[in-house]
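The values are calculated or read from the model by the stated rules, or taken from the named source; none is laboratory data. From a predicted model like this one, the values you see are computed outputs, not experimental measurements. Positions of Cβ are generated from backbone atoms using ideal geometry, with glycine treated the same way; all protein chains shown enter the neighbour counts.
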Amino acid sequence: MINVLFAANSDGWETYSKTLRAACSEVGLAVDLRVDHAPERVDYIVYAPDSHVKDFRPFTQCKAVLNLWAGVENVVNNKTLTKPLVRMVDPGMTQGMTEWVTGHTMRHHLGMDKHILGQDGEWRSDIPPLSRDRHVTILGLGQLGMACARAISYLGFSVTGWSRSQKKMDSVACLHGKDGLKQALTGAEILVLLLPKTPATENILNANSLAQLPAGACIINPGRGHLIDDTALLSALDADHIAHATLDVFRTEPLSADHPFWAHPKITVTPHIASATRAETASRVIAKNIQRGEAGEAFLYLVDRQAGY
């Protein structure tokens with residue numbers, strides 16, 4: 001029997017208790033899934049950073065901590081965690097993010113806000129360019145970024161992707177490094193942020209990098225709130241250099257009711273809904289990793305502690 005501790009909030013237990021047991025059963029794993037295992041008996045921890053578990057030292061027999069969230073910034077620097085840490089790469093989350101990013105890319109490309117919000121009797125006949133004439137840049141070519149890049153490229157957009165290290169994708173111009181970032185920003189009429197939160201990515205959009213974007217660019221951020229210098233963004237919007245920013249993530253969540261983003265006419269706020277882990281598909285990913293761990297195989301989506309993701 002494999003002892004699995006579910007260490008997340010109570011709402012998560014209600015969601016995952018059935019789907020995770022079913023997923024383990026499907027791959028032939030006999031698991032004892034509980035929220036109250038004695039620490040010294042635990043083989044695997046299914047973990048969310050909002051859990052009460054902060055000290056991992058009592059879990060002496062634990063083989064891996066399997067994160068429920070795609071982001072690991074709230075746990076990766078926990079010095080009590082010396083066991084392998086695995087991030088969540090969920091097909092359901094990937095599909096949801098691809099749909100959200102594609103939808104808002106099309107919204108800004110087509111100028112839909114002019115017509116949705118402009119029901120005032122004025123006949124606006126602006127015709128948008130074709131997708132092939134619109135340049136979209138995606139910062140971050142992990143699982144989510146690559147999926148979004150493929151979908152947007154499939155629609156005919158000219159897509160550039162940027163990442164810390166060199167990547168290769170069909171129909172996507174892949175750049176990397178400091179010089180590549182400047183090149184990626186210079187051509188970005190629509191900029192999508194899908195980078196993880198690390199010391200290297202914090203405030204990657206600041207006064208200097210925002211100025212490198214072409215005048216009239218739109219920004220879409222479903223990645224991390226810390227990627228953008230909020231003050232610099234407001235200044236770029238007020239100066240009409242940036243046409244619009246659609247923001248789904250923020251430095252502090254929930255976003256306070258008096259935050260200037262809510263009232264700004266060039267900002268769309270969505271409440272961290274771009275995508276979420278889907279219990280059914282995520283449970284299969286967790287079960288697969290437990291199966292690999294029991295077979296002595298390498299875990300999928302193992303976190304690089306040095307890189308921070």
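Would you check if Gly103 is under 18 Å from Ala274 (Cβ atoms), surrounded by fewer than 20 Cβ atoms within 10 Å (Cβ to Cβ) and free of Cβ contacts under 8 Å to residues at least 40 places away in the same chain? Quick ask: steps written out before the conclusion?
On the way: under 18 Å from Ala274 (Cβ atoms): yes; surrounded by fewer than 20 Cβ atoms within 10 Å (Cβ to Cβ): yes; free of Cβ contacts under 8 Å to residues at least 40 places away in the same chain: yes.
Taking the combined requirement at face value, the residue satisfies it.
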Conditions (1) polar (S, T, N, Q); (2) over 19 Å from Ala23 (Cα atoms); (3) at pLDDT below 95; (4) crowded, with 17+ Cβ neighbours inside 10 Å; number of the one not met by Gln306: (4)
Quick check, is Leu237 more than 21 Å from the chain's Cα centre (by Cα), under 25 Å from Pro271 (Cα atoms) and of a type outside the set (D, E, K, R)? yes
Among (1) among the aliphatic types (A, V, I, L, M); (2) touching a Gly at 6+ places or on another chain (Cβ under 7 Å); (3) surrounded by fewer than 18 Cβ atoms within 10 Å (Cβ to Cβ), there is one condition Leu193 misses while meeting the rest; what is its number? (3)
Within the range 248-276, which residues are part of a strand (DSSP E or B) and either out of contact with any Ser or Thr (no Cβ under 7 Å at 6 or more places or on another chain) or charged (D, E, K, R) (or both)? Ile267, Val269
Of (1) assigned to a helix (DSSP H, G or I); (2) surrounded by fewer than 23 Cβ atoms within 10 Å (Cβ to Cβ); (3) among the hydrophobic types (A, V, I, L, M, F, W, C), Ala149 satisfies all except one. Which? (2)
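Name every residue in the range 2-54 that is part of a loop (DSSP other than H, G, I, E, B) and under 12 Å from Leu68 (Cβ atoms), in order of residue number.
Across the range 2-54, the qualifying residues are Ala8, Asn9, Ala48, Pro49, Asp50, Ser51.
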